[in-house]
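Q: Right, I'll just put the structure down here and ask away after.
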Amino acid sequence: MRLNLSSQIVLNKVPAEFYHPRTAVERSEITRMEKIPTDIFPSIDEGAQHIASQIAAEIVARQHEGRFCVLGLGTGSSLTPVYQELIKMHKEKQLSFHNVVVFNAYDYFPNTKSSKVKSIMQLKERFLNHVNIDANNIFSPDGTIPQEQVQEHCRLYEQRIKSFGGIDVMLLGIGRVGNIATNLPGSTMTSTSRIILIEPLTREEMTMSFSNQEQVPPCSITFGIQTILSARKIFLTAWGEEKAEIIQKAIEGKITDQLPASFLQTHNGAHVVIDLAAAGRLTRIVHPWLVASCKWTDKLVRSALVWLCQLTGKPILKLTNKDYNENGLSELLALYGSAYNANIKIFNDLQHTITGWPGGKPNADDTYRPERALPYPKRVVIFSPHPDDDVISMGGTLRRLVEQGHEVHVVFETSGNIAVGDEEVTRFMHFINGFNQLFADSADQVIKNKYQEIKQYLAQKKEGDIDTKDILTIKGLIRRGEARTASTYNNIPLDRVHFLDLPFYESGRIEKNPMGEEDVRIVQKILAQIKPHQIYVAGDLADPHGTHKKCTDAVLAAIDEEKQSGAKWLDECRIWMYRGAWAEWEIENIEMCVPMSPEELRHKRNAILKHQSQMESAPFLGNDERLFWQRAEDRNRATAKLYDDLGLACYEAMEAFKEYIPL
């Protein structure tokens, strides 16, 4: 069963020669904008294997020399695949770690000895406990020491690194603000190990290890930039499109203390290893015509012309031969004969992505429409990772599908229970207890007892405590009720509203369990039951907590299993990917765009507002102060403005989709 198919989505638009050059000459040509040697791999697994093999070679080489191999290690989630590969090498290929010394890159401060959340504990759980490293050779900053002793502690930590001959290999991830370890913007190139205040965005990233952001300690004790740069070799890794922008700045941008990872440009042994999604903003991937001669596909031409429009501030049909020549696109003039021919081709391509009939327009010529006219009406399945992603991401399209007579099913994949605040539970428990008192004279003992039990638990609840099963169930019920209300508002019958409660989500923590075959079988069952003609699935894999990616992988794996089993319904099914509150499709990737009038946008907002627990009191709004309905409206209006700026029709708002072709 293939459980990570979402990582292959990006392959549909990237020619292999731009991430896997055949010769050194090709490599030097396409990487001319990159200031750190960078290897791009089609998948996370291949990238992790590459790094692990390099580290293993260093360990073995030191063993032959009779020396320690000193590793500086981080604990970010991007490093977990590398650790898994090293564990696999240890168990299957007898790679020994007996000569390895480990220095942990950072730990939280202040902390307590009894705390279960320590960076070194995470490192042990993910890696150290599974290989034969001598416990005496594992060192970490101590977040439990008094503050007045931190400076001396850091000095001794640096001294201990030097006593082992320095760090041979440093393995790091990159944070969303460009931090390496917890060297945040403002860190200097000469900084050594020290205490540092954690800024808000990094605190949000760290919530994966805690129950909420408030529990993340305010500081950390971290390797300094100089400590990192003193290593003989440095591997920096990142996976997924959420890291694409910061990776591009670190590799192609200027060296600046506002982006600490950029200091790696000064290190001769620094090496970046990423997957295609994380490479998505590098020049050789997004603007390949600037570094090499291209094989011009329709999609690449569209990308180039949209870029040229934004560069010149002109709509498509006003671009001239001079604009092409002055901005490195003379190849297109040779290919099309003139700017006009290229302009009208791409203008028409973009025009054909716009449709007011997302399910296809019956009794109409569908030659240039994104969706087929037949069959009509269609059975449509909209997969929603959380109980509000359907309306946040494609609320306008959903409503239009219903109004145009299609059989629309909404499938909520997870309960969304951890995104409900305790005050919501209290409010609902007060209601049901009051209902019991008013209409049953407090006769229902189950309600009375449960009310007192939950009230007492919440009153005594401490930071870091995981909710009881009953409380998680109530939080799930709250979100179910909201999802049903929003679906009813959109005229979807409740027998077409489905709740899967996929098991991977039910960890009770922000960090979820791995998505597995059990989750896929649940999704596969409902697909086989409905046999849809259209599937809508989340394509915004930059969701900071990873739930969207796991949900999408479950759907894609289920489709893959159905395909392998020869399911006939797939022959008539098209799969569309939407994006939500976090990002939008780049215009060169948009294959269907559904416009909304001001009234339709208002309907979408009203549907989002039915999810009351996700308004101001939602725990995971992040650093973006806009509420989810505001994010969605801003994104939809921005898409409409982009089409308008390119010289196409001007709408109030638009929702964009990209087709997924099963591999």
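The values are calculated or read from the model by the stated rules, or taken from the named source; none is laboratory data. Please read all numbers here as calculations on a predicted model, not as lab measurements. All Cβ positions, even for glycine, are placed from backbone atoms using ideal geometry, and neighbour counts span all protein chains on display. Ligands, DNA and RNA are stripped out before the accessible areas are found, and what is left, the full protein with its side chains, is counted by its heavy atoms. Shrake-Rupley method; radii C 1.70, N 1.55, O 1.52, S 1.80 Å.
Q: Leaving out ligands and nucleic acids, note down the accessible area per residue over the stretch 22-148 with a 1.4 angstrom probe, in whole Å².
A: Values: 6040 Å² over 127 residues.
Per-residue value: 48 Å².
Q: Nothing charged except the Cβ atoms of Lys and Arg (+1) and of Asp and Glu (-1): what's the magnitude of the dipole of the stretch 1-130 about its Cα centre? Round to the nearest 20 debye.
A: Once rounded to the nearest 20, the dipole reads 460 debye.
Q: Largest first and to the nearest Å, give the Cα extent of the stretch 352-495 along each principal axis.
A: Computed over the Cα atoms, the extents are 64, 37, 17 Å.
Q: Something else about it: Treating only the Cβ atoms of Lys and Arg (+1) and Asp and Glu (-1) as charged, compute the dipole magnitude of the chain about its Cα centre; round to the nearest 20 debye. All intermediate terms of the calculation are to be shown ahead of the outcome.
A: Working: 76 positive and 85 negative charges, 106 e Å.
With only Lys, Arg, Asp and Glu charged at Cβ, the dipole is about 500 debye.
Q: Under a 1.4 angstrom probe, counting protein chains only, how are T188, T182 ranked by accessible area, largest first?
A: On the way: T188 65, T182 0 Å².
Listed by decreasing accessible area, they come as T188, T182.
Q: For the chain, what does the alpha-carbon gyration tensor say about shape, rounded, prolate or oblate, given a ≥ b ≥ c as the root eigenvalues, a/c under 1.5 as rounded, and a/b over b/c as prolate?
A: Oblate, because a/c is 1.5 or more while a/b does not exceed b/c.
Q: Give me the distance between the Cα centres of the stretch 343-370 and the stretch 85-138, rounded to whole Å.
A: Here the two parts' Cα centres lie 55 Å apart.
Q: Taking the Cα centre of the chain as the origin and placing charges on Cβ (Lys, Arg +1; Asp, Glu -1), which of M121, F347, L398 is farthest toward the positive end of the dipole?
A: M121
Q: How far apart, in nm, are the 7 Å Cα→Cβ label points at I661 and F439?
A: If labels sit at I661 and F439, their model points lie 5.6 nm apart.
Q: Follow-up. What accessible area per residue, rounded to a whole number of Å², is obtained for the stretch 240-285 using a probe radius of 1.4 Å? Walk me through the intermediate numbers first.
A: Values: 1560 Å² over 46 residues.
With all protein chains present, the stretch 240-285 gives 34 Å² per residue.
Q: Cβ under 12 Å from T312's Cβ, T312 left aside: what net charge do those residues give with Lys, Arg +1 and Asp, Glu -1?
A: Working: positive: K314, K318, K322; negative: D323, E326, D645.
Within the 12 Å Cβ shell, the charges total 0.
Q: In the stretch 292-398, which trypsin sites (Lys or Arg not before Pro) fall in coil by DSSP and have 14 or fewer other Cβ atoms within 10 Å?
A: K295
Q: Right, another one. Using only helices, what value at 222 nm comes out for the chain when you add -39,500 (n - 2.57) per DSSP H run of length 4 or more and divide by the total residues, to the nearest 500 deg cm²/dmol? It would help to have the intermediate numbers written out before the result.
A: On the way: 21 runs with 263 residues, N = 663.
Helix-only estimate at 222 nm: -12500 deg cm²/dmol.
Q: So what's the projected area for the stretch 65-104, the Cα convex hull averaged over all directions, in nm²? Intermediate values should be presented prior to the final figure.
A: Values: hull surface 12.7 nm².
So the Cα hull casts an average projection of 3.2 nm².
Q: Please go through the residue pairs K469/K563; K91/K249; K243/K531; K93/K124; K461/K604 and name each one whose alpha carbons sit more than 27 Å apart in this structure.
A: Details: K469/K563 37 Å; K91/K249 38 Å; K243/K531 36 Å; K93/K124 21 Å; K461/K604 37 Å.
With Cα atoms farther than 27 Å apart: K469/K563; K91/K249; K243/K531; K461/K604.
Q: For the chain, what is the percent of antiparallel DSSP beta bridges, rounded to the nearest 5? Mind dumping the intermediate values first?
A: Numbers: 19 of 61 bridges.
Antiparallel bridges make up about 30 percent of those DSSP assigns within the chain.
Q: Hey, any idea what % of the stretch 92-153's accessible area is carbon plus sulfur with a 1.4 Å probe?
A: Values: 1510 of 3210 Å².
About 47 percent, which is the carbon plus sulfur part of the accessible surface.
Q: In whole angstrom, how far apart do the alpha carbon centroids of the stretch 420-457 and the stretch 286-339 sit?
A: The two parts, judged by their Cα centres, are 64 Å apart.
Q: Also, I was wondering about something else. For C69, what charge total do you get from the other residues with a beta carbon under 10 Å from its beta carbon, if Lys and Arg give +1 and Asp and Glu give -1? Write out the running numbers ahead of the final one.
A: Working: positive: R62, R67; negative: E58, E65, D168.
Residues near C69 contribute -1 overall.
Q: Quantify, in whole percent, the carbon and sulfur part of the accessible surface of the stretch 386-542 (1.4 Å probe; protein heavy atoms only). Display every interim value, and only then the final one.
A: On the way: 3700 of 6980 Å².
Carbon and sulfur together cover 53 percent of it.
Q: Something else now. Simple spin-label model, 7 Å along Cα-to-Cβ: T426 to Y340 in nm?
A: Reported label-point gap for T426 and Y340 is 7.1 nm.
Q: On average, how much area does the Cα convex hull of the stretch 280-416 cover when viewed from any direction, in nm²? Numbers along the way, then the final one.
A: Working: hull surface 44.3 nm².
The Cα convex hull of the stretch 280-416, projected and averaged over all directions, gives 11.1 nm².
Q: Once you sort the root eigenvalues of the Cα gyration tensor of the stretch 113-188 as a ≥ b ≥ c, which label holds: rounded (a/c under 1.5), prolate (a/b larger than b/c) or oblate (the other case)? Don't skip to the end; give the middle numbers.
A: Working: a/c = 1.22, a/b = 1.13, b/c = 1.08.
Judged from the Cα gyration tensor, the stretch 113-188 comes out rounded (a/c under 1.5).
Q: So which lysines can K318 reach, going by Cα to Cα under 26 Å and dropping same-chain residues fewer than 8 places off?
A: In chain and number order, the partners are K295, K299, K345, K641.
Q: Then there's this: Along each of its three principal axes, how wide is the spread of alpha-carbon positions in the stretch 1-154, in whole angstrom units, largest first?
A: Taking max minus min along each principal axis of the Cα atoms, the stretch 1-154 gives 54, 39, 36 Å.
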